[in-house]
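Participant: Have a look at this one.
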Amino acid sequence: MKLIYLDQKGISNIAKGKVLQKDAEEVKRLVDEGLVAVVIAPTHAVETALCGDKALRECIIDYVDNLKSRLWLRISEWILQKEVEQWFRGR
């Protein structure tokens with residue numbers, strides 16, 4: 001099984017339907033078939049909880065809850081550091 005890590009923006013874009021439908025369906029198919037697992041980190045939970053848009057927050061939660069194969073990353077310091085670095089590079 002391959003693992004993919006989607007940052008919060010990636011998960012939000014899928015949940016909001018802002019990616020091509022065929023791409024979102026392909027990710028879902030791969031996950032459903034157990035070929036891919038989406039890595040979820042505590043950072044995702046915190047960022048989702050802080051989302052001010054209730055409808056979006058619920059879409060994100062529903063999307064993640066419906067993933068048949070997901071892997072919770074318990075050690076989030078490394079991921080958090082990389083996300084912060086990426087955020088500052090994008091500014």
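Read-outs throughout are calculated quantities, based only on the coordinates presented, and are distinct from any laboratory measurement. All values reported here derive from a predicted model rather than from experimental measurement. A quick note on method: Cβ atoms are made from the backbone with ideal geometry, for glycine too, and the neighbour counts reach across all protein chains shown.
Participant: If you put +1 on each Lys and Arg Cβ and -1 on each Asp and Glu Cβ, how big is the dipole of the chain around its Cα centre, in Debye rounded to 20?
Facilitator: 140 debye
Participant: Let me ask you something else. On a 19 Å Cα-Cα criterion, which of the cross-link pairs K22/K54; K18/K68; K16/K54; K54/K82 come out too long?
Facilitator: Table pairs above 19 Å Cα-Cα are K22/K54; K18/K68; K54/K82.
Participant: A further question on this structure: In straight Cα distance, which aspartates and glutamates are under 19 Å from K28, not counting same-chain residues fewer than 8 positions off?
Facilitator: Partners found: D7, E58, D62, D65.
Participant: Setting aside same-chain residues fewer than 8 positions from K2, which aspartates and glutamates have a Cα under 12 Å from its Cα?
Facilitator: Within the straight-line limit of under 12 Å, K2 reaches these aspartates and glutamates: E33.
Participant: When the helices in the chain are scored as -39500 (n - 2.57) per DSSP H run of 4 or longer and the sum is shared across all residues, what 222 nm value do you end up with, to the nearest 500 deg cm²/dmol?
Facilitator: -18000 deg cm²/dmol
Participant: Give the residue list of trypsin sites (Lys or Arg not before Pro) in segment 19-69 that are DSSP loop and have at most 16 other beta-carbon atoms within 10 angstrom.
Facilitator: K68
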